[in-house]
Amino acid sequence: MHIVDPVCGKHINRNKAHMVVTYEGNEYYLCCPLCQATFEREPEKFLRRVRGERKVRIRR
Ligand SMILES: [Zn+2]
C-alpha cells in the first residue's frame, strides 16, 4: 500500500518510509530526514493540504 508524504507529495511505500510522525492522533509517513525537519517546522501547513482540498494551489 502506498501513502503520500505530506511534505513533498511523493508516493512512498509504507515499509520504506523514513519515519512516521504522529500528530493530533493521525500518522503521517515521511520519506526522508529533510521532509521530517520541514514537517516539524510547520506541520499545520502540510496537514491542511493532506486533509483536503486538492484545489489548493500554491501562490507566489
Ligand atoms: Zn518527502
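Across q = 0.26, 0.29 Å⁻¹, the chain modelled as identical point scatterers on its alpha-carbon atoms has Debye log10 I(q)/I(0) values of -1.17, -1.37, in the order of the q list. Each Lys and Arg adds +1 at its Cβ and each Asp and Glu adds -1 at its Cβ; summed about the Cα centre, the chain shows a dipole of about 460 debye. Spin-label model, Val4 to Arg41: label points 7 Å out along the Cα-to-beta-carbon direction sit 2.2 nm apart.
None of the figures in this text is laboratory data; all of them are computed from the coordinates on show. On a predicted model such as this, the values are computed, not experimentally measured, just so you know. When we count neighbours, we look across all protein chains shown, and the Cβ atoms used for this are built from the backbone with ideal geometry, even at glycine.
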